[in-house]
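Trainee: Shown below is the structure under consideration.
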Amino acid sequence: MAGAIRTPREKWIEAGLQALAAGGPDAVRVEALAKRLGVTKGGFYGYFADRDALLTAMLDAWERESIDEVIERVEREGGDPKSKIQRAGMLTFSSDRLLPIDLAVRGWARRDEAVAGRLRRVDNRRMALLREMIGTFCTDPDEVEARSVLAFCAAIGAHFLAADHEGRTRAQVLAHAGDLLLDRPRPATGRPG
């Protein structure tokens, strides 16, 4: 008789990330994850010493996916620096996958110093990418920094802002903000003047 097939480690991590995105770190509970996966919680301990080990593995996976994999994809797909910035932002802050996890990690970081340190490392890598790309068309270091922080704040803040935009859609306003920040010519049509 063959032994039972264990639920792969990655499935536990993925289930944990989904729980985190849906309900924050308190929603990441071994018993609830096992139920979600349709397995007993005994298999969990074959991969993780405890819940904290799972949380660390989840943050590792989030960091790898939201930084390393995004940068690899952006570089592989190529393009000019402005399109690379836009693609990195879209992959990170517009997706149904990474955005909810990123926002949950930001909330978690407000209550956990170690998570705040991890978030700072991720955000510093994101800012470094912005500085590098914006620096290809803007030579003033102060302006590079200002454009980088504004672009980053717009990408994150757009998910929290509840304001109306007086006859414009949020997408139109954000597109125009991107054009300003990335020094792109504004299209002649499609947006109110």
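Trainee: How many nm separate the modelled label positions at TYR45 and ARG73, each set 7 Å beyond the Cα in the direction of the Cβ?
Mentor: Roughly 3.7 nm, to one decimal.
Trainee: If you don't mind, another one. Rounding to the nearest 10 and keeping the result within 0 to 90°, find how far the Cα-based axis of helix 9-23 lies from the longest principal axis of the chain.
Mentor: With rounding to tens, the tilt is 60 degrees.
Trainee: On a straight-distance basis, which aspartates and glutamates could pair with LYS82 in a cross-link, Cα separation under 15 angstrom, same-chain partners fewer than 8 positions away excluded?
Mentor: Straight-distance partners of LYS82: GLU132, ASP179, ASP183.
Trainee: Turning to a different aspect of this structure: Quantify, in whole percent, the carbon and sulfur part of the accessible surface of region 15-123 (1.4 Å probe; protein heavy atoms only).
Mentor: Solvent-exposed carbon and sulfur of region 15-123 make up 48 percent of the total.
Trainee: Rounded to the nearest 10 degrees, what's the angle between the helix 81-93 long axis and the longest principal axis of the chain, both from Cα atoms, 0 to 90?
Mentor: For helix 81-93, the angle is close to 40 degrees.
Trainee: For region 79-121, just say rounded, prolate or oblate: build the C-alpha gyration tensor, square-root its eigenvalues into a ≥ b ≥ c, call rounded for a/c under 1.5, and beyond that prolate if a/b exceeds b/c, oblate if not.
Mentor: Oblate, because a/c is 1.5 or more while a/b does not exceed b/c.
Trainee: Per residue of region 127-140, in order, report the coupling 6.51 cos²θ - 1.76 cosθ + 1.60 (Karplus, θ = phi - 60°) as ³J(HN,Hα) in whole Hz, putting x for Gly and Pro.
Mentor: Running phi through 6.51 cos²θ - 1.76 cosθ + 1.60 with θ = phi - 60° gives 5, 4, 5, 4, 4, 4, 6, 5, x, 6, 10, 9, 9, 6 Hz.
Trainee: With a 1.4 Å probe and all protein chains left in place, how much accessible area per residue does region 1-156 have, in Å²?
Mentor: Accessible area per residue: 55 Å².
Trainee: If the reach is capped at under 30 angstrom between alpha carbons, list the lysines near LYS41, excluding any in the same chain fewer than eight residues apart.
Mentor: Filter leaves LYS11.
Trainee: If one computes P(r) from the Cα atoms of the chain, what percent of pairs lie at distances over 24 Å?
Mentor: 49
Trainee: Given the rule -39500 (n - 2.57) for each run of at least 4 DSSP H residues, summed and divided by the residues of the chain, what is its mean residue ellipticity at 222 nm, to the nearest 500 deg cm²/dmol?
Mentor: -20000 deg cm²/dmol
Trainee: Could I ask something else about it? Net charge near PHE93, counting Lys/Arg +1 and Asp/Glu -1 over other residues with Cβ under 14 Å of its Cβ?
Mentor: So the surrounding residues net to +1.
The values are calculated or read from the model by the stated rules, or taken from the named source; none is laboratory data. Since the structure is predicted, the reported quantities are computational estimates derived from the model, not experimental observations. Cβ sites come from the backbone with ideal geometry, for glycine too, and all protein chains shown count toward neighbours. Note: accessible area is taken over every heavy atom of the protein model, side chains too, but ligands, DNA and RNA are not part of it. Shrake-Rupley method; radii C 1.70, N 1.55, O 1.52, S 1.80 Å.
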